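Worksheet: one structure, shown below.
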Amino acid sequence: MRCRNCHGAHDIRKSRDPESHTYALNLPRTCGTCHGAKGRPPDGPLAGAKETYTDYIDSVHGRAIAHAGFLVAANCSSCHGSHEIRHHQDPQSTVNRRNIAKTCGHCHSGIAQHFQASVHGRLLAEGSDKAPVCIDCHSAHKIRNIHDPNWQLGVVAECGSCHPQSLTTFRDTFHGQVTSLGFTRVARCADCHSSHDILSREDPASTVNEKNLVTTCGKCHAGATAGFVRYDPHADH
């Protein structure tokens, strides 16, 4: 990879110039010439990046760039850096698992703070290799809008990839069976446990702590009582 691959040869312009190869709206296409853009299927060491451009351009970030022209939307350099790009297995890489939350947090600051305080964020800080990070739930290049029904139903299985027993017992309940039929207007994992600020059930601030269940269930079931929340959401007695 040489400078001209990204900046051009005799048509080099400042990155703020809309005609520049490295302008925010043009950068995905520039990177895509090596990482899977149509007409330039990569080979050799880039063979694994075959679908990267296609996946990104169809994601919520890519659509914001390509269809809405949002300059602030995350592009390739937002996550990977520009001149200091490193392999994701490199501990210093911005897309190394241990750095992903910080990288995403550059744009999603509030969410990053919630994640760091969550049970997942604490596990990551303790050095756990099993702690999920942003890309485990949202993926890296295929990030979908969270209001997409397909994503809402699919994320249940994502939670189950780490919590298989909880997924099994959830599928045995009314909530779980209805989601299996494709309906989204029913409680899923995040509706009860929250999404980025998941806490242990023993934590007084947890949405599934015994003292908070009436409020949590009451979001969907107005008038929920202490007796109502004795319902077992995982059918695991």
Exercise for the section: Name the residue, out of 154, 32, 127, whose mean-square fluctuation peaks in a Gaussian network model built on the chain with Cα pairs under 10 Å. Expected result: 127
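Classify the range 56-185: rounded, prolate or oblate, from the alpha-carbon gyration tensor (a ≥ b ≥ c, eigenvalue square roots; a/c under 1.5 rounded; otherwise prolate if a/b is larger than b/c)?
oblate
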Completion exercise
Counting only protein heavy atoms and rolling a 1.4 Å probe, one gets per residue an accessible area for the chain in Å² of 67 Å²
Problem - the range 157-173 - phi-based ³J(HN,Hα) in whole Hz, Karplus 6.51/-1.76/1.60, Gly and Pro as x - result: 5, 5, 4, x, 5, 9, 10, x, 5, 5, 5, 4, 6, 5, 5, 7, 8
Exercise for the section: Give, to the nearest whole percent, the P(r) tail of the chain beyond 34 angstrom, counting all Cα pairs. Expected result: 28 percent
Practice task
Find the lysine pairs in the range 93-237 meeting two conditions, Cα atoms under 30 Å apart and a separation of 8 or more places or different chains, and report how many there are.
Solution key: 5
Completion exercise
Counting only protein heavy atoms with a 1.4 Å probe and every protein chain in place, the carbon and sulfur fraction of the accessible surface of the range 64-147 in whole percent equals 57 percent
Completion exercise
Summed over the other residues with a beta carbon less than 13 angstrom from that of residue 22, with K and R at +1 and D and E at -1, the charge totals +2
Problem - Prolate/oblate/rounded label for the range 159-234 (Cα gyration tensor, a/c 1.5) - result: oblate
Completion exercise
Along the range 180-188, Karplus-curve 3J(HN,Hα) (6.51, -1.76, 1.60; θ = phi - 60°) to the nearest Hz, with x for Gly and Pro, reads 5, 7, x, 8, 9, 7, 7, 4, 10
Completion exercise
Dividing the mean separation of Cα pairs under 8 Å (6+ apart) by the residue count of the chain yields a relative contact order in percent of 11 percent
Handout entry: Pair residue 184, residue 231: separation of 7 Å Cα→Cβ label points (nm)
Key = 2.1 nm
Exercise for the section: Show the residues, 5+ positions off or on another chain, whose built amide H is closer than 5 Å to the amide H of residue 15. Expected result: none
Exercise for the section: Starting at the first residue of the range 190-196, write each ³J(HN,Hα) from the Karplus equation 6.51 cos²θ - 1.76 cosθ + 1.60 with θ = phi - 60°, in whole Hz, x for Gly and Pro. Expected result: 5, 5, 9, 8, 6, 9, 9
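The values are calculated or read from the model by the stated rules, or taken from the named source; none is laboratory data. All values reported here derive from a predicted model rather than from experimental measurement. All Cβ positions, glycine included, derive from the backbone under ideal geometry; neighbour counts span all protein chains shown. Only protein heavy atoms, including side chains, enter the accessible area calculation; ligands, DNA and RNA are left aside. Shrake-Rupley method; radii C 1.70, N 1.55, O 1.52, S 1.80 Å.
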